[in-house]
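The values are calculated or read from the model by the stated rules, or taken from the named source; none is laboratory data. Since we're looking at a predicted model, the values are computed, not measured. Neighbour counts are summed over all protein chains in view; Cβ atoms, including those assigned to glycine, are modelled from backbone coordinates with ideal geometry. Please note that ligands, DNA and RNA were not included when accessible areas were found on the heavy atoms of the full protein model with its side chains. Shrake-Rupley method; radii C 1.70, N 1.55, O 1.52, S 1.80 Å.
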Amino acid sequence: MPGTLYLMKLHLRYRLWIAEMNEDISVLRIFDDHLAELQSRHEPTTANAVNNYKQQFAGFRKTIDELKHEMHLRKMDIAALTKEEVNTEKEKNEKELHVVLEKRYNDFRKQFDAFKNSFVLLDA
């Protein structure tokens with residue numbers, strides 16, 4: 001059943017991506033703690049930067065939540081499909097959905113990684 005093997009690989013990929021995004025949430029929390037420390041200095045030059053970063057944090061968190069939700073749905077659909085007889089139409093549909101979701105995830109990953117690098121340079 002090669003179709004089932006493909007679907008199982010997709011399921012694993014979604015699990016890995018969700019785990020990576022859970023790590024990203026932890027990174028955002030650490031960065032938020034760092035912002036609180038910066039904000040406690042009461043330096044006028046940091047106030048705008050802190051607010052800007054907080055808005056970016058909220059945007060990334062929203063994107064992460066949306067992607068994780070979609071991936072959880074895909075995982076559940078895939079799990080249901082692997083229990084059925086192989087249906088090439090359903091598998092084809094799953095592949096098409098995956099292509100779109102993979103692009104969204106890769107776009108997010110690039111943006112978030114660039115953001116992390118810029119944030120780390122904040123105090124440099």
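Counting only lysines at least 8 places from residue 75 when in the same chain, those with an alpha carbon closer than 24 Å to its own are 9, 62, 83, 90, 92, 95, 103, 110.
With the simple model of a label 7 Å out from the Cα in the direction of the Cβ, residue 95 to residue 107 spans 2.3 nm. Find, among the trypsin sites (Lys or Arg not before Pro) in region 1-80, those assigned to loop by DSSP (not H, G, I, E, B) with at most 16 other beta-carbon atoms within 10 angstrom. Answer by residue number: 41.
Solvent-accessible area assigned to carbon and sulfur over the chain amounts to 55 percent, based on a 1.4 Å probe. Spin-label model, residue 34 to residue 118: label points 7 Å out along the Cα-to-beta-carbon direction sit 1.4 nm apart. Note on the chain: GNM, Cα springs under 10 Å; of 46, 88, 63, the largest mean-square fluctuation is that of 88.
Each Lys or Arg adds one and each Asp or Glu takes one away; over the other residues whose Cβ falls under 13 Å from the Cβ of residue 30, this sums to -3. Simple rule: put +1 on each Lys or Arg Cβ and -1 on each Asp or Glu Cβ in region 30-124, find the dipole, and look at 34, 115, 98; the Cα lying farthest toward the positive end is 115. Relative to the Cα centre, the charge distribution of the chain, modelled as +1 at Lys and Arg Cβ and -1 at Asp and Glu Cβ, gives a dipole magnitude of about 140 debye. With all protein chains kept in place, the per residue accessible area of the chain amounts to 65 square angstrom at a probe of 1.4 angstrom.
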